[in-house]
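The values are calculated or read from the model by the stated rules, or taken from the named source; none is laboratory data. Computed from a predicted model, the values in this text were never measured in an experiment. So basically every Cβ, Gly included, is an ideal-geometry build from the backbone, and we count neighbours across all protein chains shown.
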Amino acid sequence: MLNGKTIVMGVTGGIAVYKAVDVVSRLKKLGADIKVIMTESATEFVMPLTFETMSQNYVVSDMFGEIKSWDVEHISLAKSADLFLVAPATANIIGKVANGIADDMLSTTIMATKAKVLFAPAMNTNMYQNPLFKENVDKLKIMGYGFIAPASGRLACGDLGEGKLEDPEKIVEAVVDHFKKSEELSGKKVVVTAGPTLERLDPVRYISNNSSGKMGYRLAERARDRGAEVVLVSGPTHVERPDGVKFVQVETTEEMFRAVEAEYGSDDILIKAAAPLDYRPSSYSENKIKKSEGKLKLEFERNVDIAKHFGEKKSRNQILIGFAAESENLIENAKRKLEQKNMDFIVANDITAEDSGFKSDRNKAFIISSDSTVEELPKMSKSELSDRILDKLIEILDRKAR
């Protein structure tokens with residue numbers, strides 16, 4: 001089931017370390033190649049020899065220990081990972097990673113990897129509920145790190161509550177699910193639009209909007225992680241370009257339309273997460289417009305409606321997902337847009353909501369299906385929302401395949 005997959009597993013100090021041995025054993029039986037990194041404190045609970053025996057690989061714990069190969073060890077481990085699992089994950093390692101601290105072999109290797117990182121926390125209930133810890137978890141979720149929630153029950157210290165390391169069987173299930181998801185969109189081409197567009201008035205002035213592009217970029221990353229061939233068509237943003245996707249930079253709405261049109265014949269899914277301008281100036285001044293007495297009057301004309309154009313063109317096998325950012329009558333306006341533009345489903349969010357929407361790392365959204373079913377989602381990171389959107393997409397693909 002996991003044949004050919006390399007899992008780098010970080011083990012940090014805590015009484016739950018003994019459960020990590022079982023996790024390694026179960027993953028090994030499924031065919032995974034397991035490479036274990038232990039923190040110094042973890043070795044106080046279980047000897048490295050135990051993990052070496054179960055994984056059939058030597059265990060790394062000391063950045064300055066005996067050299068076993070001539071690779072730069074933390075870099076070679078980071079590059080080898082198809083998945084990076086940290087179990088148990090203490091508040092200490094989660095805090096380090098959240099704040100960019102790399103002061104031992106494990107934190108340094110996590111910093112260097114481009115693989116998905118899954119944390120399985122284990123700690124005292126009061127530590128788990130500490131606002132500082134919650135802040136670190138939220139920060140990491142926004143950046144795309146995953147978490148396997150701990151179980152509740154009687155802890156080693158005698159307290160009752162959240163904080164127990166999840167059962168090894170369920171941790172392994174989460175790992176298997178990760179790899180299943182990594183192939184869900186294999187063979188599919190996904191075009192994602194992101195960010196604003198801008199329309200120039202003269203050499204120094206332009207009109208645009210508040211879209212940051214974060215939602216579209218997170219969707220592109222998540223679709224890539226699920227095995228899709230991804231094309232990201234982006235207006236001007238300050239978001240870091242994701243690796244492993246074809247990136248097309250545009251400026252105007254017309255340029256965005258042409259870029260999508262160039263890909264549309266060969267794509268399976270179009271996700272319209274961008275906020276292109278509906279209007280552009282009727283004329284462009286080659287010279288800077290000088291101020292004068294009185295009012296400045298500008299005339300505008302309609303831009304092409306990208307979503308409507310491709311909604312009308314899409315074949316039965318193509319899927320169109322749209323977004324509706326509204327300041328009033330959210331559900332009503334989103335349903336109208338969904339129907340007019342022949343979308344398969346639409347993601348609606350209220351741009352007046354606090355700490356969500358355009359420039360925020362979080363979003364509170366509603367997913368509205370073509371049959372008018374409305375699913376309300378809690379406020380979550382845009383990475384988490386991307387996963388929920390892609391889960392809905394997978395449902396539609398499965399239904400069409402039947």
With in contact with a His (Cβ under 7 Å, 6 or more places away or on another chain), at pLDDT below 95, surrounded by 21 or more Cβ atoms within 10 Å (Cβ to Cβ) and not assigned by TED's automatic domain parsing to the domain that holds Asp243 as the only criterion, which of Met123, Met105 stands out? Met105
Taking the criterion of being surrounded by fewer than 18 Cβ atoms within 10 Å (Cβ to Cβ), over 22 Å from the mean Cα position of the chain (by Cα) and of a type outside the set (Gly, Ala, Ser), would at least one residue in the range 135-145 satisfy it? no
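Can you confirm whether the range 195-203 contains a residue that is more than 22 Å from Lys116 (Cα to Cα), buried (at least 24 other Cβ atoms within 10 Å of the Cβ) and under 20 Å from the mean Cα position of the chain (by Cα)?
Taking the range 195-203 first, the residues more than 22 Å from Lys116 (Cα to Cα) are 195-203.
Now drop any that are not buried (at least 24 other Cβ atoms within 10 Å of the Cβ), which leaves 195, 197.
Subset that is under 20 Å from the mean Cα position of the chain (by Cα): 195.
Yes; the residues of the range 195-203 include at least one that is more than 22 Å from Lys116 (Cα to Cα), buried (at least 24 other Cβ atoms within 10 Å of the Cβ) and under 20 Å from the mean Cα position of the chain (by Cα).
Quick check: anything in the range 261-271 among the aliphatic types (A, V, I, L, M) and closer than 20 Å to Ser211 by Cβ? I'd like the intermediate steps shown before the answer.
Restricting attention to the range 261-271, the residues satisfying the condition of being among the aliphatic types (A, V, I, L, M) are 262, 269-271.
Those left that are additionally closer than 20 Å to Ser211 by Cβ: 270-271.
Yes, because at least one residue in the range 261-271 is among the aliphatic types (A, V, I, L, M) and closer than 20 Å to Ser211 by Cβ.
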For residues that are touching a Phe, Trp or Tyr at 6+ places or on another chain (Cβ under 7 Å) and either not small (Gly, Ala, Ser) or not in a strand (DSSP E or B) (or both), scanning just the range 149-190, find the one that is modelled with the lowest pLDDT. Glu162
Test: Ser25 is touching a residue at least 24 places away in the same chain (Cβ under 8 Å) and closer than 23 Å to Thr108 by Cα: no
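Only one of Lys400, Lys392, Lys314 is in contact (Cβ under 8 Å) with a residue 40 or more places away in the chain, farther than 30 Å from Tyr206 by Cβ and surrounded by fewer than 13 Cβ atoms within 10 Å (Cβ to Cβ); which?
Only one candidate qualifies: Lys400.
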Among the residues of the range 352-389, count how many are surrounded by fewer than 17 Cβ atoms within 10 Å (Cβ to Cβ) and among the β-branched types (Val, Ile, Thr). 3
Pairs with Cβ under 8 Å, 6+ apart, first in the range 245-262 and farther than 20 Å from Leu201 by Cα, second surrounded by 19 or more Cβ atoms within 10 Å (Cβ to Cβ) and of a type in the set (Asp, Glu): Val245/Glu221; Lys246/Glu229
Per-region count, the range 273-326, residues more than 30 Å from Asp344 (Cα to Cα), part of a loop (DSSP other than H, G, I, E, B) and not polar (S, T, N, Q): 13
Does the range 58-76 contain at least one residue that is part of a helix (DSSP H, G or I), touching a Phe, Trp or Tyr at 6+ places or on another chain (Cβ under 9 Å) and either in the same structural domain as Leu118 (by TED's automatic domain parsing) or modelled with pLDDT of 90 or more (or both)? no
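Residues checked against (1) aliphatic (A, V, I, L, M); (2) touching a residue at least 40 places away in the same chain (Cβ under 8 Å); (3) not assigned by TED's automatic domain parsing to the domain that holds Ile271:
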| residue | (1), (2), (3) |
| --- | --- |
| Leu160 | yes, no, yes |
| Leu165 | yes, yes, yes |
| Pro203 | no, yes, no |
| Asn210 | no, yes, no |
